[in-house]
Structure formats: structure tokens, C-alpha cells
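Below is one structure; the comments refer to it alone.
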Ligand code: XIL
């Protein structure tokens, strides 16, 4: 009897130590929301204990960090950075240049090419300098290509020729030590988009413009094609740049069926994709492993629920009550076997 109690005790201790972050040598991150960090204890605990990296889900984007032409608002970004510093996590910056979440004053801005360049350069350099030494890497440019591989029309594409290269150069000048990423989604299933990204990397390299990493957002779903995912990872690794799975979530109800039930079958299909991603990531050369970042912490916090209004979606590793889902320990078992 005593032995059983002892064994149970030991296994509880072992389980308590069995954290996913300890089964991997690369960073495990999530994007976070500062309000949840301060108001929700379970959320804060997971951020503190389970992760080794953090990204601001929204608060470093143009709209929030640069609300008026002559005003930057670093308050919420600073809060996340302070939490990361206090709990020993690497902070990733997201994102300097994007077509979305742009403040109205930028949309209304009038000026010639030089004026637009000054605006963007000032934005990038003020933000990067503010976080110099505190933010390890930046998504410098986000989502510049559309599915057919052409440059996405945007404020930046419309007003600043070669804005991608210029943005990387400006970011590098502001913090020469930061790891600079091009970040995008949907490379799987859109080979022309992937090719445009590879062409961009080759072009920047040939012009000695500093680019150090590729962010694969990995907003995928149970129907995503496994071979296409493996292909885009392999192609990204072949560039020699760092690779970041930067916004991972695996949707189980992509068509937003209101009758959807998150049953064992759905959970198993999702688990299989999580395993494929971690296993493949584990095989990347260590110096190219920037890390895997989930897009928020629990299912309840996912943008798929809020932004896309898909209430029956369960895309992350922690459930609505902040409990670990079965995929969590499955991943640890898999990774321990691979180690
Ligand atoms: C999303 C956030 O999660 C939402 O809260 C926000 O309303 C919209 O943006 N690609 C990106 C992220 O690069 O910045 C987006 O984040 C999700 C898609």
C-alpha cells in the first residue's frame, strides 16, 4: 500500500515536471494579450510556466503602437516586454509593416514618395529603437504576397517602390543585433506564394539586404495537406535562414459548422498535425530553429473564436478551462522518443 502511495506520489512529481518546453531544445512561445495576462490567473500561470518565448498578439502593430502621426503608445507593449523580462522569456516583435491594423491617420496620409518613406522609416526605427535589446527578433514585413505570388496592393506597395527591402534595411539600422523575419501564411496550398517568398529571400540576399528568418504562420486546419506543409517547411529550411512557426493553430472546424462536436476523431486528427509539425521542426538544424509560437494560449482566447466568430473552434493545446488537452502529453511522449 505504502509503495503504491509512493509510486503515485512520484508519478505526480514526474508529471508536474513533464512540461512540453522541457522536451524540446527550441523556444516554445505564444502570442499574448496584456489584459488577460493581468486579469486571468490561469492564463498568466501558463504564460509564466509553460513558455519560453512571447509575442504580442496585437499591441506592437501600427494601429496600436502608433495611434497618431506624432504619438507612439508603448504602454501595453512595454507591459508584455516587462513580463517577458521578469519571467525570463525571449520576446518576439510582431509586426512592423503590414497592410492590416493600420491607423486611420496613415490611411489618410498624403505625400510624395519621399514623405511616405520618411513616415515608414520613422515608424520602423522608433519602434525598433524603443525595444532594442529587449526584443530579440522582428516580423519586419508581414503578408506581402497574395496567393498567386504577386505583391499585395497596400498602402506600402502603392507608395514606396521596393518597400520590403527598405523596411529590412531600416530595421537593421535601428537594431543590428535583431533577427529579422519575413512572415506570411498559407504557403502550403499556394506554391506561387511560396515561390514569391523564396524569390524575395534570394533577391534580398543578392543585394546584401539583411534578412535572417522566415515566419510560417501555420494557421492550418485538419484538412490541410500534410505533404504541402512538409514541402514548405523543407523549402524554408533550404534557404539557410532561421525558421519560425510564428502563429500556430490547428482549426478543427474550418467550415464553422454550428453543430460541430469536438469529439475524439477531431481531436486525434488535430493531434496528428501537431505531432507532424513538432516532429518536422525537431529535425531542422538547431541553428535554424527560432521556435514554435502558438497564436494565443487557450481555445477560449483564440482569434478564430473572437475575430472570425467561430464559437465551435478548438485550435490550441489548452482547453477553455486552461487544462492541457491530450495532445499536450502526446507531444511530450513523441519528443522524448525522438531525443
Ligand atoms: C490577429 C489577432 O489575433 C486578432 O486579435 C486581431 O483582431 C487581428 O489580427 N496574421 C497575423 C496576426 O500576422 O497579426 C493576426 O492576428 C492573425 C493573422
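Computed from the coordinates by the stated procedures, all read-outs in this text should not be read as laboratory data. Not measured: the values here are computed from a predicted model. Here the Cβ is made from the backbone with ideal geometry for all residues, glycine too, and neighbour counts use every protein chain on show.
Extension gain for the segment residue 104 to residue 158, taken as residue separation times 0.36 nm less the Cα-Cα distance, is 17.8 nm to one decimal. Sorting 227-236, 58-67 by their mean Cβ neighbour count within 10 Å, with the most densely packed peptide first, gives 58-67, 227-236. Sorting the segments 109-121, 90-102 by their mean number of nearby beta carbons within 10 angstrom, highest to lowest, gives 90-102, 109-121. The simple spin-label model puts a point 7 Å past each Cα toward its Cβ; for residue 195 and residue 78 those points are separated by 4.8 nm. To the nearest 10 degrees, how steep is helix 226-238 against the longest Cα principal axis of the chain, on a 0 to 90 scale? Helix 226-238 sits roughly 60 degrees off the main axis of the chain. Using a cutoff of 8 angstrom between alpha carbon atoms and counting only pairs six or more residues apart, the relative contact order for the stretch 48-159 works out to 31 percent.
Just checking the listed ones, 305, 152, 35: in the Gaussian network model of the chain with Cα springs under 10 Å, the one fluctuating most is 35.
So what is log10(I(q)/I(0)) for the chain at q = 0.08, 0.11 1/Å, when the Debye sum runs over its Cα atoms only? After summing over all Cα pairs, the log10 values are -0.38, -0.72.
Using a cutoff of 8 angstrom between alpha carbon atoms and counting only pairs six or more residues apart, the relative contact order for the stretch 176-335 works out to 21 percent.
Segment residue 22..residue 151, full-extension length gain: 42.4 nm, with 0.36 nm per residue of separation and the alpha-carbon distance subtracted. Taking label positions 7 Å along the Cα-Cβ direction at both residue 324 and residue 231, the computed distance is 3.6 nm, reported to one decimal.
The angle separating the long axis of helix 264-282 from the principal Cα axis of greatest extent in the chain is about 60 degrees.
Per-residue ellipticity at 222 nm, computed for the chain from helices alone with -39500 (n - 2.57) per DSSP H run of at least four residues, works out to -13500 deg cm²/dmol.
For the stretch 118-181, the equivalent ellipsoid built from the Cα gyration tensor has semi-axes of 23, 13, 8 Å, listed from largest to smallest.
Under the criterion of Cα pairs below 8 Å and six or more residues apart, the relative contact order for the chain equals 17 percent. Rounded to the nearest 10 degrees, the angle from helix 191-206 to the longest Cα principal axis of the chain is 60 degrees. Working from label points 7 Å from Cα in the Cα-to-Cβ sense, the residue 177 to residue 39 distance is 3.6 nm.
Once you order the gyration tensor axes a ≥ b ≥ c over the Cα atoms, which shape class does the stretch 26-71 get: rounded for a/c under 1.5, otherwise prolate or oblate by comparing a/b with b/c? Taking the square roots of the gyration eigenvalues as a ≥ b ≥ c, the stretch 26-71 is oblate.
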